[in-house]
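Colleague: Dumping the structure here so I can ask a few things about it.
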Amino acid sequence: MISKLIKLAYRNFRRNTRRSIISGISIAIAVTLIIFTQSYIKGFTQNISDNIIKLLSGHIRITTKEYERRERLLPLSEAIDLTPEFYEVVQAEAVKFIAPRIKFGVLLGKDELSIPALGYAIDPIIERQISGLDKRIISGSYLDSATNATIIGKELARRLNLTVGDTLTLVTRTAYDSPTGINLVVRGIFSIGIGGIDRSLFYIPLSVGQKLLDLNEKATEVALVLKKTDQTKPISARLRTKLDYSIVPFQYNSLLRYINAFTIVYYLIYAIILIVACSTIANTMIMVVFERTREIGMMKAMGFSNRSVVGLLLLEATIIGVIGSFIGTVIGAGISYWLKIKGLDFSKISSTASTDLPFGPIIHFQPSFTTLISTFVMGIIFTVLVAYLAVRRTVRLDPAQALKTI
């Protein structure tokens with residue numbers, strides 16, 4: 001019986017090829033759009049995560065609790081003592097790099113010009129391996145560990161009219177709130193492609209920053225980069241039991257939490273896209289029922305059960321759904337995997353973004369086998385569901401009345 005229904009369904013599918021193709025195309029477009037959107041959102045989230053890990057906080061960020069509470073004021077007095085005991089606690093098999101940093105606010109100047117900016121005192125050797133800062137130098141060269149030198153963001157250099165080899169005057173306050181300053185040679189100019197970083201950040205060697213800010217053997221934060229991202233939360237939990245500091249995994253970045261909180265909204269949007277696309281299926285099945293009322297009545301008079309009649313019509317819809325979803329999956333996968341390799345250039349947008357929105361400049365899509373299969377199945381399920389809602393009236397058809405229909 002089932003094999004006969006399948007043969008009938010396939011014959012009926014071919015009976016009105018044009019209408020079937022139009023319905024299949026609508027499903028294919030919807031599936032393609034969903035795969036494209038899912039791959040883009042995953043790529044966007046991954047891009048932000050990578051930038052947070054490489055440029056801002058590592059997988060885990062360690063600060064004093066008071067520093068975490070007052071971070072916007074950049075309280076240098078709330079620093080971590082970089083003792084051998086501290087390193088012994090944070091070092092673990094899963095930890096790849098330990099990067100002490102000092103973040104401080106300054107006035108940068110050249111001649112009569114002064115501009116507020118944000119400085120990072122870093123270990124050049126470690127940061128080279130974490131963020132690849134040396135590969136982002138567009139003019140000049142990278143930092144070494146001991147020279148009174150700096151590398152500065154492209155846009156910040158432009159605002160200060162600085163070029164490689166110029167002297168930059170830095171004015172700030174120490175951890176004891178006394179004024180201090182230093183002249184630094186501009187060793188290099190970098191471009192990250194993120195506006196908030198290129199426009200306001202500069203880097204100096206950690207040893208120079210510690211001396212300048214009276215923070216000998218101290219740092220305001222320590223970033224841990226792990227060998228595997230999935231170890232972030234377990235390592236964070238372990239550190240909380242051993243250190244009386246603020247231990248914050250990168251997943252708790254406010255932007256990432258905001259994006260992840262909208263996951264259910266994304267799926268609702270995908271569902272709406274499919275429902276709209278499936279409206280053509282509903283229209284097709286309604287037309288089928290009206291056009292074949294006499295045929296359906298004859299089938300019921302010959303002994304076909306209501307379930308068999310509805311099953312036949314749903315099989316026709318399933319064929320459309322399978323073909324449309326398959327084509328959409330192939331097209332969506334092709335586009336997404338191509339953009340995974342090539343990426344989308346958002347440099348014009350990211351160049352105006354702040355450090356609170358660290359995305360770009362190139363976003364590589366992140367399609368996955370799970371995304372492709374789940375979207376393919378979802379396309380079929382929604383097709384059958386909408387078709388059922390359209391054809392369920394056939395159950396109520398009286399064979400005698402149906403046979404009289406012109």
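Colleague: Just flag the chymotrypsin sites (Phe, Trp or Tyr not before Pro) in the range 143-222 sitting in loop per DSSP whose Cβ has no more than 15 other Cβ atoms within 10 Å. Kindly include the intermediate steps, with their values, before the conclusion.
Modeller: Details: sites: 176, 190, 202, 203; in loops: 176.
In loop regions of the range 143-222 (DSSP not H, G, I, E or B), the sparsely surrounded chymotrypsin sites (Phe, Trp or Tyr not before Pro) are 176.
Colleague: Name the long-range amide H neighbours of residue 59: under 5 Å, sequence gap of 5 or more, or other chain; modelled H, no Pro or chain starts.
Modeller: 224, 225, 226
Colleague: Please list, in order along the range 171-181, the HN-Hα scalar couplings obtained from phi with the Karplus expression 6.51 cos²θ - 1.76 cosθ + 1.60 (θ = phi - 60°), rounded to whole Hz, x for Gly and Pro.
Modeller: Listing the rounded values in order: 10, 8, 10, 7, 5, 9, 6, 9, x, 8, x Hz.
Colleague: Are there GluC sites (Glu not before Pro) in the range 28-91 that DSSP puts in a loop and that have at most 12 other Cβ atoms within 10 Å, and which ones?
Modeller: Working: sites: 66, 68, 71, 78, 85, 88; in loops: 78.
Nothing satisfies the criteria.
Colleague: Count the net charge of all other residues whose Cβ sits under 14 Å from the Cβ of residue 83, scoring Lys and Arg as +1 and Asp and Glu as -1.
Modeller: For residues surrounding residue 83, the net value is -3.
Colleague: Within a Cβ distance under 15 Å of residue 68, other residues only, what is the Lys/Arg minus Asp/Glu net charge?
Modeller: +3
Colleague: Hey, if we sort 89, 208 by accessible area with the 1.4 Å probe, largest down, what's the order?
Modeller: 89, 208
Colleague: Given points 7 Å out from each Cα along the Cα-Cβ axis, report the residue 243 to residue 347 separation in nanometres with one decimal.
Modeller: For residue 243 paired with residue 347, the spin-label model returns 3.7 nm.
Colleague: Right, something else. Give me the extension gain from residue 72 to residue 128: residue separation times 0.36 nm, minus the current Cα-Cα distance, reported in nm with one decimal.
Modeller: Full extension of this stretch gives 17.5 nm more.
Colleague: Between residue 144 and residue 340, what is the label-point separation in nm under the 7 Å Cα-to-beta-carbon projection?
Modeller: Calculated label separation equals 4.4 nm.
Colleague: A further question on this structure: Enter the mean projected area of the convex hull around the alpha-carbon atoms of the range 50-103, in nm², rounded to one decimal.
Modeller: 4.3
Colleague: Please identify every one of the trypsin sites (Lys or Arg not before Pro) in the range 205-245 that sits in a loop by DSSP and has no more than 16 other beta carbons within 10 Å of its own beta carbon. Could you put the intermediate results ahead of the total?
Modeller: Details: sites: 211, 218, 227, 228, 238, 240, 242; in loops: 227, 228.
Counting only loop positions with at most 16 other Cβ atoms within 10 Å, the trypsin sites (Lys or Arg not before Pro) in the range 205-245 are 227, 228.
Colleague: To continue, here is another question. Considering only DSSP beta bridges where both residues belong to the range 144-275, give the percentage that are antiparallel (nearest 5).
Modeller: 65
Colleague: If I ignore ligands, DNA and RNA and count only protein heavy atoms, how much of residue 37 is accessible to a 1.4 Å probe, in Å² to the nearest 10?
Modeller: Solvent-accessible area, nearest 10 Å²: 40 Å².
The values are calculated or read from the model by the stated rules, or taken from the named source; none is laboratory data. Not measured: the values here are computed from a predicted model. Don't worry about glycine lacking a Cβ; one is built from the backbone with ideal geometry, like all the others, and counts go over all protein chains shown. Just the protein is used for accessible areas: all its heavy atoms, side chains included, with ligands, DNA and RNA removed. Shrake-Rupley method; radii C 1.70, N 1.55, O 1.52, S 1.80 Å.
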